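Have a look at the structure below before the remarks.
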Amino acid sequence: MRARGPLGGAIVSVVLVGALWAQASDLARVRTEFGEAEAARIEAVIDASERDGLPRALLVDKAVEGAAKRMEPGVVLAAVRMLAEELRAAARVVGRDAGPTKLEKTADALRHGVDPGLLAELNERNPRDFAVLIVAIEDLLHAGVTLAVAEDLTRDATRRGLAADEMLALPAAVRRLVREGRTPQQAASSVQQSLRAGQRVVPPPPAEGPSSFPTRSARRIPPPS
Amino acid sequence: MNEQLNRYLDGEIELGALPPELRREAEAWDAFVGDVRDSGAAGAPVGLESRIVGAIRAETKAPWSRVAKWWLNPHSIRVRPLIGLAAAAALAAFLLVPRDDVTTEPSGATTAVVGEEAVYVQFVLRAPDATSVAVAGDFNEWVPEIALNDLDGDGIWSGRVRLGPGVHKYMFVIDGTRWITDPYAERYAEDGYGNRNAVIAITGGAGAGSLAP
């Protein structure tokens, strides 16, 4: 790199030093907690993953999380390695150029056993709201719907071009039907039939039950454990 | 003179575009201009032009006026592409480098949209035996420093945190050492350390569904 004049040189120097400082400091807490040698082993895994195109921030966060939770260095190293492998698998599905959120949600979905082919299709059809689609699948699973049914419902809804908010209404509608006494599979089947009939899936009103992203203050305070 | 009225008199906007309180004044100006026109005045009074030009010159001679004019008028700045790029990169590096002064202590409504980028999330935990409760998550590098409060001593700890759009993971930390999962979170994720993080999703704006990076 060549800069003309003292100002250019100074700016370039600031940029380089700043970048190096930022990279060195992101694991400062891990170094403080574990010492230089253990931190270096963890950083080696992170550096290698970064060279493979994986988002460094997610792996650093996992290491920092482990340090904060006072985990043993070996445990943190294993957790970072496992996350790196999961992100590599996710990158094979949605591409290495996917952002951290997309990669992380893909990894989550794969962990739940979601079909990689479905994930690739969802990403192709609606890349912008891909993370929302995964959240919808997770919410369906959380509502008790089997993986196969959740996959089928999400695929169907995506092919019909449902918007992100409508996708999030699907698990909310399933939960509402479950509260009315149906089994999760019956509820999902009913929602899917409505979808195929061209009816709009309307989420329940906020006061009736939890939406996908509820206001936390609306929740009941848990009883003493 | 009121700027809207001025624009009307300049013919830039219609009378109907003025607020009612200005319309009467505009009509008075119209009447005045009409009277002048009807009086058959052939031109400006003798000496008016020279007085106006003199006033303009006197005004432009004031130093503060030149400074103000320099700041208010557009200027062309020539920058070498390399230096411009480096300056932009320096600014980006400065903005992207994590700093410790992240705002985390809002006040006001329980959950309020701030612009279209962030919301204040209220965290609540019942922990009657705790002497302190904090929340830590990927939004604050897992540092248990965002303290929840139990001002009335009823064992219900709460506090608000400003979160940007995206999916966030967190846990509560009791007495600075005991990490526990929010028992009433909407969804959870394995943390890789044998526990579960609570997960909260913040959509961008008021209900926009996208969580895209």
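Coordinate-derived values only; no laboratory data. Every value quoted in this text rests on a predicted model; they were computed, and no experiment measured them. Quick reminder, even Gly has a Cβ in these numbers, built from the backbone with ideal geometry, and neighbours come from all protein chains shown.
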Residue exposure sequence - A:LEU140, A:LEU27 - by fewest surrounding Cβ within 10 Å: A:LEU27, A:LEU140
In whole Hz, with x marking every Gly and Pro, tabulate ³J(HN,Hα) for segment A:184-198 from phi via Karplus 6.51 cos²θ - 1.76 cosθ + 1.60, θ = phi - 60°. x, 5, 5, 4, 5, 4, 5, 5, 5, 5, 4, 5, 5, 7, x
Which FRET efficiency, nearest 0.05, do B:ILE13 and A:ALA44 yield, Cβ-Cβ r, R0 56 Å? 0.25
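Efficiency by 1/(1 + (r/R0)^6): what FRET value for A:ARG160 and B:ARG196, r their Cβ-Cβ distance, R0 = 22 Å, to the nearest 0.05?
Here the calculated transfer efficiency is 0.10.
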Modelling each spin label as a point 7 Å along the Cα-to-Cβ direction, I'd like the A:ASP97/B:TYR188 distance in nm, to one decimal. 3.9 nm
For B:LEU148, the residues 5 or more places away or on another chain with a placed amide H closer than 5 Å to its own amide H are B:VAL133, B:ALA134, B:VAL135
Within a 10 angstrom radius of the beta carbon, how do A:ARG196, B:ARG126, A:ARG96 rank from fewest other beta carbons to most? A:ARG196, A:ARG96, B:ARG126
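Report, as an integer, the average count of C-beta atoms from other chains found within 10 Å of each Cβ along B:186-199. Display every interim value, and only then the final one.
Values: counts 9, 7, 2, 5, 4, 6, 13, 11, 4, 1, 0, 1, 0, 3.
If you average over the peptide's residues, the count of other-chain Cβ atoms is 5.
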Fewest-first ordering of A:GLU86, B:GLU27 by Cβ atoms within 10 Å yields B:GLU27, A:GLU86
Karplus-derived 3J(HN,Hα), 6.51/-1.76/1.60, for each residue of segment B:164-178, Hz, glycine and proline x: x, x, x, 9, 10, 10, 7, 9, 8, 10, 9, 6, x, 10, 9
